[in-house]
Amino acid sequence: MEQLLLAPRQIAFISIDLQRGNAARQLAPHIAADVIQRSKRIADALRAAGGTVVWVRVDVTALLSLPADASISRPPGSPVPPPEFSELVPELQVQDGDVRITKRQWGAFYGTDLDLQLRRRGIRTLAMSGIATNFGVESTARAAFDRGYELVFAEDAMSSLTAELHAFASKALFPSMGRVRSTDELVAAIAAGSKN
């Protein structure tokens, strides 16, 4: 496996949909609490090294109100989740200098100013985490790859509805777009890069 070399000031850590509604779900192979803790660890390390931290959340009400053929449909008559389902979990300890993006689709680029925020900061590499691996993370990663960003995926800082869905994205898809690493490896690379 090639060594991960990172320049922290050119990296953004993008964490997808670590919000109350997703944190309450049954996930695999990593439970939500572990994904959140590992994502916070990466964010803290990158922030300390001068990098950019981006927290993305989905407006669940807007997503579920799209026509059934354009969204995750919900059964007729089922209640729309309350607004707090879209709030980032407090365990992340989001800082004032962090970038916050609200999306209304699976991916974080469509209909948001994410690309503009990244380019203004000279970002070239995106380190990614989130829930769910094969929905929001994958959709955002595809759009980032199309825009020419280098990608690093923190495999143990993301999870999905089943271990199989997570494994397919992590093992079959993500290696074609970037590098798949553990949280420990990513944090170590950030620390090493900050010394150069």
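Restricted to strands (runs of 3 or more DSSP E) entirely inside the range 83-196, those with at least 1 residues that are out of contact with any helix residue (DSSP H, G or I) (no Cβ under 8 Å at 6 or more places or on another chain) and surrounded by fewer than 18 Cβ atoms within 10 Å (Cβ to Cβ) are 99-103, 150-159. Of all residues in the range 19-51, those satisfying the criterion of being over 13 Å from the mean Cα position of the chain (by Cα) and either surrounded by 23 or more Cβ atoms within 10 Å (Cβ to Cβ) or assigned to a strand (DSSP E or B) (or both) are LEU27, ALA28, LEU46, GLY51. Residues of the range 136-159 that are of a type outside the set (A, V, I, L, M), more than 15 Å from THR125 (Cα to Cα) and touching a strand residue (DSSP E or B) at 6+ places or on another chain (Cβ under 7 Å): GLY136, GLU155, SER159. Pairing residues of the range 14-42 that are over 23 Å from THR125 (Cβ atoms) with residues that are of a type in the set (Gly, Ala, Ser) and modelled with pLDDT under 95, at Cβ distances under 6 Å and at least 6 apart in sequence or on separate chains, gives GLN19/SER86; ALA32/ALA23. ILE11 passes every criterion in (1) at pLDDT 95 or above; (2) surrounded by fewer than 20 Cβ atoms within 10 Å (Cβ to Cβ) apart from (2).
The values are calculated or read from the model by the stated rules, or taken from the named source; none is laboratory data. For clarity, every value in this text was computed on a predicted model and none was experimentally measured. Using ideal geometry, Cβ is built from the backbone for each residue, glycine included, and neighbour counts are taken over all protein chains shown.
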